[in-house]
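To start, the structure under review is shown below, and the notes come after it.
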Amino acid sequence: MSSLSEANIKFTLDLFQELRNATGNIFFSPTSITAQLAMVYLGAKGKTAQEIEKVLHFSEITEKSKEKTLTNQGETSGSLHLQFQKLLTEWNKLTDAYELKSANKIYKQKSLQLFQEYLDDLKNFYLTDVESVDFENETEESRKKINTWVEKQTHDKIKEIFPQGSLHSDAKLILVNAVYFKGDWIMKFEGKDTVERKFWLNKDTSKTVQMMEQSSHLKFAYLEDVQAKMLEMPYKGKALSMVVLLPNEVDGLQQLEDKLTVEKLMEWTSLQSMKKTDVNLHLPKFTMEESYNLESKLINMGMKKAFSPQDADLSSMSRDKDLVVSTVTHKAFVKVHEEGAEAAAVSGRVASVTLATIHKDFHCDHPFIFFIKQNSNNNILFFGRVSSP
């Protein structure tokens, strides 16, 4: 597991703990948010940079270079930014196995001057650029412009990343991030096998959902210490997998969340305890589109100075002493449905006939956690909670 993957897992858990107190579904891309904030880190100095480094758990990556100096993060953390360059390049590769689109951009007030070196590094390491808008005099026009760009970058799947009235005329610097993902399973769900079944929101309340069903040969594990079980569902091409954590009990989600640790999440992403077995799988069809303004969450996690006009030190970005990060917005979309590679699905169905009597049941008919990861480096691309499909 790479140092960037480890940092990402730690940040995933920290942010999930900030989000989990709210009821309902949760879905976000920790890798993409981290890349987004690393662009701020690239232009930060002093205590502002140290806070970002701590919140994003970059210390493991930058430890060797810290002996040089802390005054120029772009220089001392070169290996960190190169890791992001490699990661984002992989994300943007065209493939027929899945669709993964991340839209990252910085919008600045047009009067704000940024250093050319910072702009060059953004383009080189983060494959993005900075666009000038007039928040002060054309706030609504700026909002529409940003929304239109995000829609285009995500094939019209993500709209209104900034709703009306959400931008202010005093904004100077806004980071925008949107992620769209659609994957095809190796083991296809047949549409004719999708039926209406109950999904239990809690012990007393249920709703009717479209439940996909199949019998397949998949990696499975019992997680006795958290009273749950785990299943890996690889996507076509095997570069990405969805891992589902299903509590044993209908109301077992809170206990599972309470017992989540970095060590457990690292173990689960590496799939160390999993073995292939025949599984009778029920998984609800679901589409989630979740939006977050992350400033308060990041401040709670310890990233305070970047948002403070009195304390922010973004002097590797600009000479402007009053420069602060105004808004960090994240919106993520996921759609889970039957489609997959038909040939692989046929072999799975054949196996299921002969081994039906020893199937493990994995029926996602109550709230569960899932994450989508890169199998080459165990990076968690997306992390979510399905409370109500």
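The values are calculated or read from the model by the stated rules, or taken from the named source; none is laboratory data. All values reported here derive from a predicted model rather than from experimental measurement. Here the Cβ positions follow ideal geometry from the backbone for every residue, glycine too, while neighbour counts run over all protein chains shown.
Worth pointing out:
- The stretch 303-313, residues that are farther than 24 Å from Ile9 by Cβ and assigned to a loop (DSSP other than H, G, I, E, B): Ser308, Pro309, Gln310, Asp311, Ala312, Asp313
- Evaluation of Asp365 against (1) at pLDDT 90 or above; (2) buried (at least 19 other Cβ atoms within 10 Å of the Cβ); (3) outside any strand (DSSP E or B); (4) not small (Gly, Ala, Ser) (one fails), failing number: (2)
Residues are listed down the side, and each one gets a yes or a no for (1) outside any helix (DSSP H, G or I); (2) among the basic types (Lys, Arg):
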residue: Gln113; (1), (2): yes, no
residue: Lys123; (1), (2): no, yes
residue: Phe135; (1), (2): yes, no
residue: Ser142; (1), (2): no, no
residue: Thr148; (1), (2): no, no
residue: His155; (1), (2): yes, no
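- Candidates Lys335, Lys304 - the one that is under 27 Å from the mean Cα position of the chain (by Cα), surrounded by fewer than 19 Cβ atoms within 10 Å (Cβ to Cβ), of a type outside the set (A, V, I, L, M) and modelled with pLDDT of 85 or more: Lys304
- Unique residue being more than 19 Å from the chain's Cα centre (by Cα), modelled with pLDDT under 90 and assigned by TED's automatic domain parsing to the domain that holds Val324 when the list is Lys152, Lys159: Lys152
- Qualifying position, being surrounded by 15 or more Cβ atoms within 10 Å (Cβ to Cβ) and more than 30 Å from Leu122 (Cβ to Cβ), among Glu289, Glu224, Glu295, Glu232: Glu232
- Selection of the stretch 252-281 for residues being polar (S, T, N, Q) and more than 28 Å from Asn202 (Cα to Cα) yields Ser270, Gln272, Ser273, Thr277.
- A count restricted to the stretch 140-149 and to residues that are surrounded by 17 or more Cβ atoms within 10 Å (Cβ to Cβ) and more than 22 Å from the chain's Cα centre (by Cα) stands at 2.
- Subset of the stretch 179-196 that is in a strand (DSSP E or B) and under 22 Å from the mean Cα position of the chain (by Cα) - its residue that is surrounded by the fewest Cβ atoms within 10 Å (Cβ to Cβ): Lys182
- Segments classed as helices (runs of 4 or more DSSP H), wholly inside the stretch 1-59, with at least 1 members that are of a type in the set (Lys, Arg): 3-19, 46-55
- Note on the stretch 207-221: among residues that are over 25 Å from the mean Cα position of the chain (by Cα) and over 17 Å from Glu338 (Cα atoms), the one that is surrounded by the fewest Cβ atoms within 10 Å (Cβ to Cβ) is Thr208.
- Criterion applied to Tyr126, Tyr118, Tyr98, Tyr107 was being closer than 27 Å to Phe28 by Cα, surrounded by fewer than 20 Cβ atoms within 10 Å (Cβ to Cβ), touching a residue at least 40 places away in the same chain (Cβ under 8 Å) and among the aromatic types (Phe, Trp, Tyr), and the one residue passing it is Tyr98.
- Each residue in the stretch 252-286 was checked for being acidic (Asp, Glu) and within 14 Å of His363 (Cα to Cα), and 1 pass.
- Residue list for the stretch 13-43, filter: over 16 Å from Phe382 (Cα atoms), β-branched (Val, Ile, Thr) and at pLDDT 90 or above: Val40
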